[in-house]
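To keep things clear, I will list the structure first and then write my remarks on it.
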Amino acid sequence: MWFKDGPLFAAIYELTAEGVFETYDYAPVSILGLDGFHRFMNISIEGKDDLDDLRELGLLNHMKISTTTYGTVTAYRLSEKGMNIYAELPRKLTEPISKLVHCPKHKNKLMEIVCVNFEKYFLRCPSCSNEREIPIFEIEDVSYVSQPRFIRLPYRKRR
């Protein structure tokens, strides 16, 4: 199964916001939507970097897909080597991901990550009405305070 980068970034954001990826952070990044307009989306740079690392290790495959608006989207999936390693991981590492992707009502049903007009992402169960929004487009208003710092260099006398 291939994952487009948008839903994958939404899943990484959700796991980061829930504290599963403890060392990850996210920040608003301008993304070109499928409709040709830019929107700000909370993206984890650490998550993107780890995707690149997994590709370099041969654990993740990727491909570029052309859109109807002549843009490109990257899609990812685990390679055979990646699937074998994932299957061997301890349950305590895979459980938070399983919890995200499986419906709470129907434990064996996978949730879908659905994008609506490139304005909202939802985790939705295709079997029931269970649905939850992933607030990846909600940019937090964080105050930023800075103070000037003057560095004193050692004084040298001119000759």
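Cβ-Cβ distances below 6 Å connect the following pairs, each with a first residue in the range 132-154 that is on the phi < 0 side of the Ramachandran plot, a second residue that is modelled with pLDDT of 80 or more and of a type in the set (Gly, Ala, Ser), and a separation of six or more residues or different chains: ILE134/ALA10; ILE136/ALA10. Is it fair to say TYR121 is in contact with a Pro (Cβ under 8 Å, 6 or more places away or on another chain), touching a residue at least 40 places away in the same chain (Cβ under 8 Å) and not hydrophobic (A, V, I, L, M, F, W, C)? Yes, satisfied. Among the residues in the range 112-121, are any surrounded by 12 or more Cβ atoms within 10 Å (Cβ to Cβ), on the phi > 0 side of the Ramachandran plot and of a type in the set (Phe, Trp, Tyr)? Scanning the range 112-121, I find at least one residue that is surrounded by 12 or more Cβ atoms within 10 Å (Cβ to Cβ), on the phi > 0 side of the Ramachandran plot and of a type in the set (Phe, Trp, Tyr), so the answer is yes. When we screen LEU93, LEU54, LEU15, LEU100 for residues that are touching a strand residue (DSSP E or B) at 6+ places or on another chain (Cβ under 7 Å) and part of a helix (DSSP H, G or I), the only hit is LEU54. Say whether the condition of being in contact with a Pro (Cβ under 6 Å, 6 or more places away or on another chain) and outside any loop (DSSP other than H, G, I, E, B) is met by at least one residue in the range 26-41. Yes, there is a match, as at least one residue in the range 26-41 is in contact with a Pro (Cβ under 6 Å, 6 or more places away or on another chain) and outside any loop (DSSP other than H, G, I, E, B). Assess whether GLU46 counts as being touching a Phe, Trp or Tyr at 6+ places or on another chain (Cβ under 6 Å), part of a helix (DSSP H, G or I), more than 19 Å from GLU133 (Cα to Cα) and modelled with pLDDT of 85 or more. When the stated conditions are applied, GLU46 passes them. The number of residues in the range 111-140 that are more than 19 Å from ILE97 (Cβ to Cβ), modelled with pLDDT of 85 or more and among the aromatic types (Phe, Trp, Tyr) comes to 1. Restricting the search to the range 1-40, which residues are modelled with pLDDT of 85 or more and β-branched (Val, Ile, Thr)? Those that are modelled with pLDDT of 85 or more and β-branched (Val, Ile, Thr): ILE12, THR16, VAL20, THR23, VAL29. Residues in the range 58-73 that are assigned to a loop (DSSP other than H, G, I, E, B) and out of contact with any helix residue (DSSP H, G or I) (no Cβ under 8 Å at 6 or more places or on another chain): THR67, THR68, THR69, TYR70, GLY71. On the stretch given as the range 17-38, residues that are touching a helix residue (DSSP H, G or I) at 6+ places or on another chain (Cβ under 7 Å) and of a type in the set (S, T, N, Q) total 1.
Does the range 39-55 contain any residue that is over 18 Å from LEU8 (Cα atoms), among the small types (Gly, Ala, Ser) and either without any contact (Cβ under 8 Å) to a residue 24 or more places away in the chain or surrounded by 15 or more Cβ atoms within 10 Å (Cβ to Cβ) (or both)? No, that holds for no residue.
The values are calculated or read from the model by the stated rules, or taken from the named source; none is laboratory data. What you see is a predicted model; the values in this text were computed from it and never measured. Virtual Cβ from ideal backbone geometry, glycine too; neighbours counted across all protein chains shown.
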